[in-house]
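Asker: After the structure tokens below, expect a handful of questions from me.
The values are calculated or read from the model by the stated rules, or taken from the named source; none is laboratory data. These numbers were taken from a predicted model, which means no experiment stands behind them. A quick note on method: Cβ atoms are made from the backbone with ideal geometry, for glycine too, and the neighbour counts reach across all protein chains shown.
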Amino acid sequence: MSEHERFERESNGRSNGESNAGDTATDADASAAHGSAVELRGEDLEIGYPSTDEPVVECETVLLPAGEVTALVGPNGSGKSTLLKSMANQLAPDCGQVRLDGEQVQSLESKELARRLGLLSQENESPASLTVEDLIYHGRYPHRGFFESVGDEDQAAVERAIDLAGVEDLREKEMKNLSGGQKQLAWIAMVLAQETDVLLLDEPTTYLDLHHQLRVMEVVRTLNREQGVTVGIVLHDIGQAARFADNLVAMKDGEPYDWGPPRDVVTEELLSEVFHVDASVDSESPTGPHIAPHRALDD
Amino acid sequence: MSNSAVPGAESTSRVQQWLAGVDGALLSLCLGSVLVVVAGGLVQVSFGTYSMTVVEAWQAVVNPNVLLNLQAWEAFVFGADLPEMNQRSLIVWNIRLPRVFVAMLVGMNLAVSGAIFQAVTRNELASPFILGVSSGAGLLILLTLVVFSGLSAFLPLVAALGGAIAFLIVYAIAWKNGTSPVRLVLAGVIVGTIFQSLQTGLFFFAGDIGVVQSAIAWTTGSLTGTDWEQVRMALPWTALAMLLSLVSSRQLNVLLLGESTARALGMSVERVRFALSGIAVLAAAASIAVAGIVSFVGLIVPHLVRNIVGSEYKKLVVGCLFAGPALMVAADVGARLGLQVLVGASTQIPVGIVTGLIGGPYFLYLMRKQDALGEI
């Protein structure tokens, strides 16, 4: 049943969100959400690990514009994940600061930050017997006090997250019985239940089959379009990034190489300089710049 | 209030689900455990060196003069003077039953302590013993018995202190920009090994064989000679530790999602981990103080319960509260009466030997059965 229905529901949801943009009546919520969208900005960042002397990432400015999807792309080891972790205050930068809506993230209390900024790491492990629904309820952790039990708001948030991620049919299942793609959707539902203004995702589509890659990206898109959530997403596949993101940040050797809308950023020069790939780019393609890779260039 | 559970369509489904979870595996586990405890308790009160028939013993257990006598309970729980009672009641209520109660307290403390340590380190093989708590307690007990024999009256306190100190050392060694489960376990094993060498070395300085035997009873774990005084000693700490661990079950669940996820959800991982370890040390110390170092219970029981109810910590802790006492009471039946049945001798063996004999093979069985042992 679900596959077809869900697709319809999602595509309806998306087309509603799009066609209503700028309309009056039902759009009140969406535009209110857009109005309150929050930007995340990093300034003069130098980020390193205790084991390294030199900073891994050096970056003057990096901006996730309010209410937009920004994809971080770059080859392995270019510092995309490190930058993302630092933006989420999971890794303290050696110097510089990250500002969430103007406030320094380091100064925010950890639960307060987790109510406003969500992060999904690349690899997640969960107890095998945990059900999807229980996992999603953990997303409410920053909203609950030590002694507080599950409240109506928590339930409503979890239901919304389940609906948005399309995991209704998985709700009762245990994590050990899910495929990699289903697991990822469950984890995404968990961060959705966190109901944050900003959502950072570290390679959420890596290792997934094409169907689940698209499902994940569609959920992210819907979340952004309907609720105005600012999204920062590390993507391995630059073609995917070019299709789904409003902005790209291309990283090279720990520094942003270029920044802007996909049509401006994705060029043949960028692919050879940053990714060391000989490729041709069809930037007139209606679904965003289309990349046809030919061969790997020598370093 | 937004936080009170209002019965709506969705909340009922969740309540039903919660009840279903409780109704099933957990409930049968608890009932089974209660049965084992009751059966073991009845065996314990029925047999012993003072001979009475089984019927006489059971009559003594339900003797209304004791059971409904406020003064008697005052004597048991607060240590007041015992009221008059016949000899059978005295033996059953003052010697045989308190030992069963101590076994229950020890069992639940060790089981819950192990369950918490397993979540904190995210390692199924963790227990108070792997993290150095037991060897620290054992070393200080031996030091007291052999060197500072004037302090013998404070042995339980000394044991708890030793466990806490050892754990702090382990934590300090493991700390390097925060701790990690692997570093904690490694540091625990190292500290434990050093402390055990010191313990063995101390045996050479023991003056007479009596001290050595007493020391061995402590370091293998024994319930011989425990009575209401031990119940009084362990009960408040046990109640506190059990309450805290139930309240903390959600923190434990979130810790199981891994450090990075827990932190991204806004948990102060180091602080929570340290506080939870404190609860686990408290529970372990309460049990070591009255029974010495009983091996394997803290490792096996959480494991067994997890196989039945899953790794959700509210269920797991509740399961441990019942299954721990069941294993401990049953093992103590073996320790107290085993030799009598097998060879006819009236000698008792330390209960830690029995738990080791049960626990070792059970653990081997688990290793053969499960592909991935280690990570929860």
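Asker: Residues in region B:225-232: is at least one at the interface with another protein chain (Cβ under 10 Å from one of its Cβ atoms) and touching a residue at least 12 places away in the same chain (Cβ under 8 Å)? Spell out the reasoning first.
Answerer: Residues of region B:225-232 at the interface with another protein chain (Cβ under 10 Å from one of its Cβ atoms): none.
Looking for residues that are at the interface with another protein chain (Cβ under 10 Å from one of its Cβ atoms) and touching a residue at least 12 places away in the same chain (Cβ under 8 Å), one finds none in region B:225-232, hence no.
Asker: Right, another one. The conditions are (1) within 10 Å of another protein chain (Cβ to nearest Cβ); (2) of a type outside the set (S, T, Y); (3) over 20 Å from the mean Cα position of the chain (by Cα), and A:D169 fails exactly one of them. Which is it?
Answerer: Failing condition for A:D169: (1).
Asker: Next question, about the same structure. Taking helices (runs of 4 or more DSSP H) that fall entirely within region B:253-328, which contain at least 1 residues that are buried (at least 23 other Cβ atoms within 10 Å of the Cβ) and in contact (Cβ under 8 Å) with a residue 12 or more places away in the chain? Steps first, answer last, please.
Answerer: Details: elements: B:259-264, B:269-291, B:297-309.
The qualifying helices (runs of 4 or more DSSP H) are B:269-291, B:297-309.
Asker: Here's something else I'd like to know. Looking only at region A:33-52, filter to residues that are under 25 Å from B:N177 (Cβ atoms) and outside any strand (DSSP E or B); which one of those is modelled with the highest pLDDT?
Answerer: That would be A:G48.
Asker: May I pose another question? Taking region B:256-306 as the region of interest, how many residues are within 20 Å of B:L366 (Cα to Cα) and within 14 Å of chain A (Cβ to nearest Cβ)?
Answerer: Result for region B:256-306: 4.
Asker: Right, another one. Might you let me know whether region A:210-223 holds any residue that is assigned to a loop (DSSP other than H, G, I, E, B) and in contact (Cβ under 8 Å) with a residue 24 or more places away in the chain?
Answerer: no
Asker: Of the residues in region B:63-74, how many are under 15 Å from B:I91 (Cβ atoms) and among the hydrophobic types (A, V, I, L, M, F, W, C)? Lay out the reasoning, then the answer.
Answerer: Pass one, region B:63-74, residues under 15 Å from B:I91 (Cβ atoms): B:63, B:65-66, B:72.
Checking which are among the hydrophobic types (A, V, I, L, M, F, W, C) leaves us with B:66, B:72.
Total satisfying the criteria: 2.
Asker: Pick from A:D253, A:D246, A:D258: which is at pLDDT 90 or above, among the acidic types (D, E) and within 18 Å of the chain's Cα centre (by Cα)?
Answerer: Values: A:D253 fails: within 18 Å of the chain's Cα centre (by Cα); A:D258 fails: within 18 Å of the chain's Cα centre (by Cα).
So the residue among A:D253, A:D246, A:D258 that is at pLDDT 90 or above, among the acidic types (D, E) and within 18 Å of the chain's Cα centre (by Cα) is A:D246.
Asker: Which one is modelled with the lowest pLDDT among residues in region A:227-238 that are crowded, with 19+ Cβ neighbours inside 10 Å and farther than 20 Å from A:G139 by Cα?
Answerer: The qualifying residue modelled with the lowest pLDDT is A:I238.
Asker: Here's something else I'd like to know. When the residues of region B:1-59 are filtered to those that are at pLDDT 85 or above and within 14 Å of chain A (Cβ to nearest Cβ), which remaining residue is nearest to B:V102 (Cα to Cα)?
Answerer: Among them, the one singled out is B:L26.
Asker: Against the conditions (1) outside any helix (DSSP H, G or I); (2) over 13 Å from the mean Cα position of the chain (by Cα), where does A:I233 fall short? Just the number, please.
Answerer: (2)
Asker: Right, another one. Looking only at region A:97-115, which residues are more than 10 Å from chain B (Cβ to nearest Cβ) and either crowded, with 19+ Cβ neighbours inside 10 Å or not in a strand (DSSP E or B) (or both)?
Answerer: First, pick out the residues of region A:97-115 that are more than 10 Å from chain B (Cβ to nearest Cβ): A:97-107.
The answer is A:V98, A:L100, A:D101, A:G102, A:V105, A:Q106, A:S107.
Asker: Do you know which residues across region A:86-96 are free of Cβ contacts under 8 Å to residues at least 40 places away in the same chain and surrounded by 14 or more Cβ atoms within 10 Å (Cβ to Cβ)?
Answerer: Initial filter on region A:86-96 (free of Cβ contacts under 8 Å to residues at least 40 places away in the same chain): A:89-90, A:92.
Scanning region A:86-96 gives A:N89, A:Q90.
Asker: Could you go through region A:136-145 and let me know if any residue there is under 24 Å from B:S249 (Cβ atoms), aliphatic (A, V, I, L, M) and within 14 Å of another protein chain (Cβ to nearest Cβ). Let's see the steps before the verdict.
Answerer: Taking region A:136-145 first, the residues under 24 Å from B:S249 (Cβ atoms) are A:136-145.
In the following step, the residues that additionally are aliphatic (A, V, I, L, M) were identified as A:136.
When the remaining residues are screened for being within 14 Å of another protein chain (Cβ to nearest Cβ), the result is A:136.
Yes, region A:136-145 has at least one match.
Asker: Would you tally the residues in region A:66-96 being in a loop (DSSP other than H, G, I, E, B), more than 13 Å from the chain's Cα centre (by Cα) and over 16 Å from A:D237 (Cβ atoms)? I'd like the intermediate steps shown before the answer.
Answerer: Pass one, region A:66-96, residues in a loop (DSSP other than H, G, I, E, B): A:66-68, A:74-79, A:88-94.
Imposing the further condition that a residue be more than 13 Å from the chain's Cα centre (by Cα) reduces the set to A:66, A:74-79, A:89-94.
Now drop any that are not over 16 Å from A:D237 (Cβ atoms), which leaves A:66, A:77, A:79, A:89-94.
The total comes to 9.
Asker: Taking the criterion of being surrounded by 16 or more Cβ atoms within 10 Å (Cβ to Cβ), more than 22 Å from the chain's Cα centre (by Cα) and not in a helix (DSSP H, G or I), would at least one residue in region B:215-227 satisfy it?
Answerer: No, region B:215-227 has no match at all.
Asker: A further question on this structure: So in region A:116-129, with the set limited to residues that are surrounded by fewer than 22 Cβ atoms within 10 Å (Cβ to Cβ) and more than 7 Å from chain B (Cβ to nearest Cβ), which one is nearest to A:V216 (Cα to Cα)? I'd like the intermediate steps shown before the answer.
Answerer: Taking region A:116-129 as the starting set, the residues that turn out to be surrounded by fewer than 22 Cβ atoms within 10 Å (Cβ to Cβ) are A:116, A:122-125, A:128-129.
Keeping just the survivors that are more than 7 Å from chain B (Cβ to nearest Cβ) gives A:116, A:122-123, A:128.
Values: A:R116: 21, A:Q122: 14, A:E123: 15, A:A128: 22 Å.
By that ranking, first place goes to A:Q122.
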